[in-house]
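S.K.: Provided herewith is a single structure, encoded as structure tokens, for subsequent inquiry.
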């Protein structure tokens, strides 16, 4: 990753919203362009932050007059000249999956956007540390079942801060994956509220209806390079780690970028 700048890998014409756009517009753009995050700008195209799919999905369809402005999240400032390694560090340390790129000479106007996926796709093979998946995976895995209601799973995602869950059977074997994007792109699925006791209000679709299948799995003794090869070939951001068939962890592109940052820089 040496000497590669943000300019070389950023998206130069990003989809964005303005502060006083309706949040329903942000939701539609996320569906249309498959984005989890959008930059937010003011009337002079100056970046004021981002809006995430978490906030968009948390607004019910009856609140269509709500504007983006009340849900803007401030982000660190980076420019096209920022070193890619530094951008990667910022994402790992702050937890953001992407960052707006600003033109500092023009008052921090929007110049592009860079994502953790952009960094993952531009990893230098020499930066990939040796070791097996078991060394770099996340072991504290939250799961769900095909019969769980989408309302409960969505509220869990909000409360726990996860972007997705492996779907497992009664033997803890992976059967699929459910993500925020699956819920967002399902369109017609309305997320119902649950009370503090977990009682469903109205009806709710089940995870089985929209989960992604089949699950993509890798074993604990596979190399990190093998995990990267699989993610690249399958065009996925996470793999279920199994031993031998039961779920024991998750490895995603954040884990891999973190491993390369910590291991070589």
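S.K.: Report yes if residue 111 is outside any strand (DSSP E or B), at pLDDT 95 or above and touching a strand residue (DSSP E or B) at 6+ places or on another chain (Cβ under 6 Å), otherwise no.
M.R.: On the way: outside any strand (DSSP E or B): no; at pLDDT 95 or above: yes; touching a strand residue (DSSP E or B) at 6+ places or on another chain (Cβ under 6 Å): yes.
In short, no.
S.K.: Then there's this: In the set 21, 103, 55, which member is within 22 Å of the chain's Cα centre (by Cα) and either closer than 28 Å to residue 261 by Cα or surrounded by 16 or more Cβ atoms within 10 Å (Cβ to Cβ) (or both)? Lay out the reasoning, then the answer.
M.R.: On the way: 21 fails: within 22 Å of the chain's Cα centre (by Cα); 103 fails: within 22 Å of the chain's Cα centre (by Cα).
Matching residue, one of 21, 103, 55: 55.
S.K.: Return the residues of segment 136-176 that are touching a helix residue (DSSP H, G or I) at 6+ places or on another chain (Cβ under 7 Å), part of a helix (DSSP H, G or I) and more than 21 Å from residue 228 (Cα to Cα); say none if nothing qualifies.
M.R.: The answer is 150, 153, 154, 157, 158.
S.K.: Being crowded, with 17+ Cβ neighbours inside 10 Å and within 29 Å of residue 262 (Cα to Cα) narrows it down to one of 77, 73, 50, so name that one. Can you show your working first?
M.R.: On the way: 77 fails: crowded, with 17+ Cβ neighbours inside 10 Å; 73 fails: crowded, with 17+ Cβ neighbours inside 10 Å.
Only one candidate qualifies: 50.
The values are calculated or read from the model by the stated rules, or taken from the named source; none is laboratory data. Just so it is clear, the structure is predicted and the values come from calculations on it, not from any experiment. Neighbour counts run over all protein chains shown; Cβ positions are idealised from the backbone, glycine included.
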